[in-house]
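S.K.: A single structure is presented below for examination.
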Amino acid sequence: RTSTGEYAGPDGAGYTDRNNPVHVQDWNKWDVTNRSYFYGNAFAEIQPIKNLVIRTTLGIDYSAVKQKDIDPTFVEGFLRRSVNDLTNYRSDFTSITWSNTATYALELGESKFNFLLGLEAVSNDFSDMSGYKEGFSSQNEEFFVLSAGTRNGNTAGSGTSSRLFSQFGKINYNLSDKYLASVTLRRDGSSRFGSDNRFGFFPAVTFGWRINEEKFMSGMTDLSNLKLRIGAGRVGNQDIGDFASQGLYEPRYGPTATEVGYTGHAFQQWWNVGTAYDLTGVDTGNLPSGFVSIQGANRGLRWETTDEVNVGIDFGFLNSKIMGSFDIFTRKTTDILIQPPIAAAVGEGQLKWLNGATQANNGWEFNVSYYSEKKNDFSYAVTAGASHFVDEITELPEEVRTAYPGNSEQTIIGHSQFSIFGYVTDGIFQNQAEVDSHADQVGAGPGRIRYVDLNNDGVISSLDQKFIGTTLPSLEYSLRIDLNYKNFDFSAFGSGVAGRLSYDSYIYYNNFVKGRENGGVGLLNAWTPQNSSSTIPAVTLSDPNNESRTSDYFYVNSSYFKLRNVQLGYTMPASIVHEIGLEKVRFYVMADNLFWIDTKDFTGPDPERQGNNSIPVPTTYSVGLNVSF
C-alpha cells in the first residue's frame, strides 16, 4: 500500500508490471461461482417366470453452474480501470438414461447359458446464457445487478443436445467351467451423424479355455492356473460435436465485445462481425441483417470404428504364489473423425467434420505378482507390470491431410499420429564464416541456432523438416511392493515411461527473452564470443531466425520414473478394538509423489506434465485414521 493507505502500483509508465496481487484478491471478493449437482437412478425388476428377469432403470445426471463476475473501477499507481462491469453466467446440463433389459439363465447338464436382450436411450441437453453490463454508479455488491448498468449491454446464449439409442444382445456360454464363450451384438444410433449413417453395428466375440482344468494337466501340480483368452470385436466412436453432420448458421445482428487490455487496462473491444449491410446504399435507417455460415454440412458423416483382436493368457504357479497375465493385441481404426483446418481463402462455413485416416495399432501388456508365505509374522508381495504400444497411420485421404503433420513432400503415412514433425538443429553458429558456408538461412548469424539442410538444396525452408520422434512412450512400467509384519503394513508404488520425446517448455522459458516477462536463468549462460561453448543462443529481443519453431532443440527425451505413493500403517489388535465396539482401527502416514527420476535432457520440474500444464504435481503428506464399525 501507499503511505496514505491506498493499494500501491508501479512507479512509472515505462514498466510492464502486473497488477498488485493483494489488490487483485480484493477486487475479486464479490465474484461467486455456485455449482449444483444431482444424480441417481431408480429401477424396477420383475421375474415373470423362473430364471427370467426383466429390469427397467431410469438414471439422471443434472448439473447447474451460476457465476457472478464483478470488475470494479480502481486506481493503482498509473494503472487504472475507469469503467466497472458485471457479467452473469448460468448453464444447465441434463443427461437422462433409460435402460431396459431381459436376462434368462438356462442350464443343460454341464452347459450353462445366459441370454441378455436390451434397449437403452440416452438424452443429453445443455444450455447456457450470459449477460454483461457496464457503468454502475455505486460500487456496492448489492447494486451490481444487470438492470443497474447504464451502458454497453450484451447478452449471449447457446443450446445443444444429442440422442443415443442402442439395441444389444449377448449370449454367455459356460461348459464345466473349462470352456467359456460369449457373443455380443450391438446396434447404436447417434443423432450426431447424418440420417444415412446414423446407426452402426458393433459385434464382439470372446473365448476362454481353462487349460489347467484338463485331465492331461493333472500331473502339473505346480501349475495352479492357466487360462487362454481370445477376443475380437468392433467398437464405435461418436465423440464429436452434437451437430457435427449439419450445416450451421449463426445470426450476427451486430458487433460483439471481447475484454482485452494489458497491465490492468482492461476494456471492451467491439468487433464488427455482424451480418448487417447497407444493401440499398441510402446510408440511413435500420440495416437488414442475416446469418453467417460457421460449419459446412456432411450428411455422409459416419461412425468411427475400431476392430480389435486380443489374445491373452492368465497363469498361476506354486499354489497361486505367482500370478500374472500376458496380452497381445492388434487394432485397426477406420473413418477417424476429424475437423481439419481450412485455409481462410476458401471462405467462411467450409470447416466441417470428416471421416478421414486409417490407423493401425499393435501392442502387448504383461503383469506378474508374487505373494510370499507368512513366516515369523512377516509376509510380502511384489507386483510388476509393463506394456508396449505402437501406432501407425496407414491411409490418409487428401481432404484431411492438413490435420496431420507433414509438408508437400512428406505425409504422416507410416508414422504415429503422435509424431513430431520439425527441424533438426546442428549447434550454434560461432562466426560469420560458418554462416557464409552454410545453406541460406533467414536470420542466421553468430550466436544463432543452425538448422540442417536435409534436402541439400542450399536453402533452409519448410522442406527441411522430418519426423523427429513421437510423444508416445515405447514402454510403460510399474512396480508395487507390500510388506506386512504383525500389525504393521507398508506399501510403495511407482511407475514410469521410457522412450518418448516431449516438448520441454522450460527450455523456452529459461533460454529465450520474452518481451513482457522476466528472463530465465539460462540467459546468464547465453552464447557470446567469449562463451562460445554454450548451447543457449545469444540474447536478442527479436527472433529473425525463428528459433521458436518446432525442432529437436525443444523436444527432448522425457523418460521418467515416479515413486507415486508410500504408505505406512498400524492396525490396532482386534482384541482391543472389539472391546470398544469397533471392527477395525488403522492409523497410517502416507506420501504421494515423493520423488521422481528423469533424464538430464529434460529441464522442466515434472516430465509427466508438459506444455502449458507444466506445473509439477506437488508432493503431499497425509496422516489418517481408518475406522470400521
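S.K.: Being touching a residue at least 40 places away in the same chain (Cβ under 8 Å) and either within 30 Å of residue 127 (Cβ to Cβ) or within 28 Å of the chain's Cα centre (by Cα) (or both) narrows it down to one of 224, 158, 190, so name that one.
M.R.: Of the residues listed, the single one that is touching a residue at least 40 places away in the same chain (Cβ under 8 Å) and either within 30 Å of residue 127 (Cβ to Cβ) or within 28 Å of the chain's Cα centre (by Cα) (or both) is 190.
S.K.: Could you look through region 192-234, keep only residues that are among the aromatic types (Phe, Trp, Tyr) and not in a strand (DSSP E or B), and pick out the one that is surrounded by the fewest Cβ atoms within 10 Å (Cβ to Cβ)?
M.R.: 216
S.K.: Consider only pairs whose beta carbons are under 6 Å apart and that are at least six residues apart or on different chains; among these, list those whose first residue lies in region 301-323 and is closer than 30 Å to residue 199 by Cα and whose second residue is open to solvent by 60 Å² or more (accessible area, probe 1.4 Å) and of a type in the set (D, E, K, R).
M.R.: 305/234; 306/331; 307/234; 307/332; 308/331
S.K.: Any residue that is surrounded by fewer than 16 Cβ atoms within 10 Å (Cβ to Cβ) and outside any strand (DSSP E or B) - is there at least one of those in region 127-135?
M.R.: Yes, region 127-135 has at least one match.
S.K.: Among (1) touching an Asp or Glu at 6+ places or on another chain (Cβ under 9 Å); (2) at pLDDT 95 or above; (3) open to solvent by less than 40 Å² (accessible area, probe 1.4 Å), where does residue 79 come up short?
M.R.: Here residue 79 meets the rest and fails (2).
S.K.: Taking the residues in region 371-408 that are among the aromatic types (Phe, Trp, Tyr) and over 29 Å from residue 330 (Cα atoms) as candidates, determine which candidate is surrounded by the fewest Cβ atoms within 10 Å (Cβ to Cβ).
M.R.: Looking at the filtered set, the residue picked out is 378.
S.K.: Assess whether residue 427 counts as being without any contact (Cβ under 8 Å) to a residue 40 or more places away in the chain and at positive phi.
M.R.: No, not satisfied.
S.K.: Is it the case, given these coordinates, that residue 140 is of a type outside the set (D, E, K, R) and either within 30 Å of residue 28 (Cβ to Cβ) or in contact with a Phe, Trp or Tyr (Cβ under 6 Å, 6 or more places away or on another chain) (or both)?
M.R.: Criteria met by residue 140.
S.K.: Can you tell me how many residues within region 168-202 are under 26 Å from residue 229 (Cα atoms) and not charged (D, E, K, R)?
M.R.: 17
S.K.: Turning to a different aspect of this structure: Kindly indicate which of 593, 557, 545, 565 is among the polar types (S, T, N, Q) and out of contact with any Gly (no Cβ under 9 Å at 6 or more places or on another chain).
M.R.: Exactly one residue qualifies, and that residue is 593.
S.K.: What number of residues within region 566-622 satisfy the criterion of being surrounded by 14 or more Cβ atoms within 10 Å (Cβ to Cβ) and among the small types (Gly, Ala, Ser)?
M.R.: Going through region 566-622 one residue at a time, the tally reaches 4.
S.K.: Let me ask another. For region 178-191, name all the residues that are in a loop (DSSP other than H, G, I, E, B) and out of contact with any helix residue (DSSP H, G or I) (no Cβ under 6 Å at 6 or more places or on another chain).
M.R.: Selection gives 191 alone.
S.K.: Hey, does region 593-606 have a residue that's more than 23 Å from residue 386 (Cα to Cα) and over 24 Å from the mean Cα position of the chain (by Cα)?
M.R.: Looking through region 593-606, at least one residue is more than 23 Å from residue 386 (Cα to Cα) and over 24 Å from the mean Cα position of the chain (by Cα).
S.K.: Another question, then. Tell me, please, whether a residue that is touching a helix residue (DSSP H, G or I) at 6+ places or on another chain (Cβ under 9 Å) and modelled with pLDDT of 90 or more can be found in region 378-393.
M.R.: no
S.K.: Right, another one. Would region 482-497 turn up any residue that is over 26 Å from the mean Cα position of the chain (by Cα), among the aliphatic types (A, V, I, L, M) and surrounded by fewer than 16 Cβ atoms within 10 Å (Cβ to Cβ)?
M.R.: Taking every residue of region 482-497 in turn, none turns out to be over 26 Å from the mean Cα position of the chain (by Cα), among the aliphatic types (A, V, I, L, M) and surrounded by fewer than 16 Cβ atoms within 10 Å (Cβ to Cβ).
S.K.: For region 514-562, how many residues are under 29 Å from residue 470 (Cβ atoms), surrounded by fewer than 14 Cβ atoms within 10 Å (Cβ to Cβ) and of a type in the set (A, V, I, L, M, F, W, C)?
M.R.: Number of matching residues: 0.
S.K.: Tell me yes or no: at least one residue of region 513-521 is within 27 Å of residue 615 (Cβ to Cβ), of a type in the set (A, V, I, L, M, F, W, C) and free of Cβ contacts under 8 Å to residues at least 12 places away in the same chain.
M.R.: Yes, because at least one residue in region 513-521 is within 27 Å of residue 615 (Cβ to Cβ), of a type in the set (A, V, I, L, M, F, W, C) and free of Cβ contacts under 8 Å to residues at least 12 places away in the same chain.
S.K.: For region 447-477, enumerate the residues that are assigned to a strand (DSSP E or B), under 19 Å from residue 543 (Cα atoms) and open to solvent by 40 Å² or more (accessible area, probe 1.4 Å).
M.R.: 450, 459
S.K.: If you don't mind, another one. Looking at this structure, is residue 151 under 30 Å from residue 274 (Cβ atoms), of a type outside the set (A, V, I, L, M) and open to solvent by 40 Å² or more (accessible area, probe 1.4 Å)?
M.R.: yes
S.K.: Now, a different point. Pick out the one residue from 141, 134, 110, 120 that is touching a residue at least 12 places away in the same chain (Cβ under 8 Å) and within 30 Å of residue 39 (Cα to Cα).
M.R.: Only one candidate passes the filter, namely 120.
S.K.: Does region 347-358 contain at least one residue that is in a strand (DSSP E or B), at pLDDT 95 or above, of a type in the set (Val, Ile, Thr) and farther than 30 Å from residue 496 by Cβ?
M.R.: Checking region 347-358: at least one residue is in a strand (DSSP E or B), at pLDDT 95 or above, of a type in the set (Val, Ile, Thr) and farther than 30 Å from residue 496 by Cβ.
S.K.: Next question, about the same structure. With 313, 322, 294, 328 as the choices, which residue is at pLDDT 75 or above, open to solvent by 30 Å² or more (accessible area, probe 1.4 Å) and either in contact with a Cys (Cβ under 8 Å, 6 or more places away or on another chain) or more than 30 Å from residue 362 (Cα to Cα) (or both)?
M.R.: So the residue among 313, 322, 294, 328 that is at pLDDT 75 or above, open to solvent by 30 Å² or more (accessible area, probe 1.4 Å) and either in contact with a Cys (Cβ under 8 Å, 6 or more places away or on another chain) or more than 30 Å from residue 362 (Cα to Cα) (or both) is 294.
S.K.: Would you check if residue 60 is touching a Pro at 6+ places or on another chain (Cβ under 8 Å), among the β-branched types (Val, Ile, Thr), surrounded by 13 or more Cβ atoms within 10 Å (Cβ to Cβ) and without any contact (Cβ under 8 Å) to a residue 60 or more places away in the chain?
M.R.: no
S.K.: Could you list all residues from region 365-413 that are under 23 Å from the mean Cα position of the chain (by Cα) and closer than 27 Å to residue 563 by Cβ?
M.R.: Those that are under 23 Å from the mean Cα position of the chain (by Cα) and closer than 27 Å to residue 563 by Cβ: 365, 386, 387, 388, 389.
The values are calculated or read from the model by the stated rules, or taken from the named source; none is laboratory data. Here the structure is a predicted model, which means the values were calculated and not measured. Every residue, glycine among them, receives a Cβ derived from its backbone with ideal geometry; neighbour counts consider all protein chains shown. When the accessible area is computed, the model is the full protein with side chains, heavy atoms only, and any ligands, DNA or RNA have been set aside. Shrake-Rupley method; radii C 1.70, N 1.55, O 1.52, S 1.80 Å.
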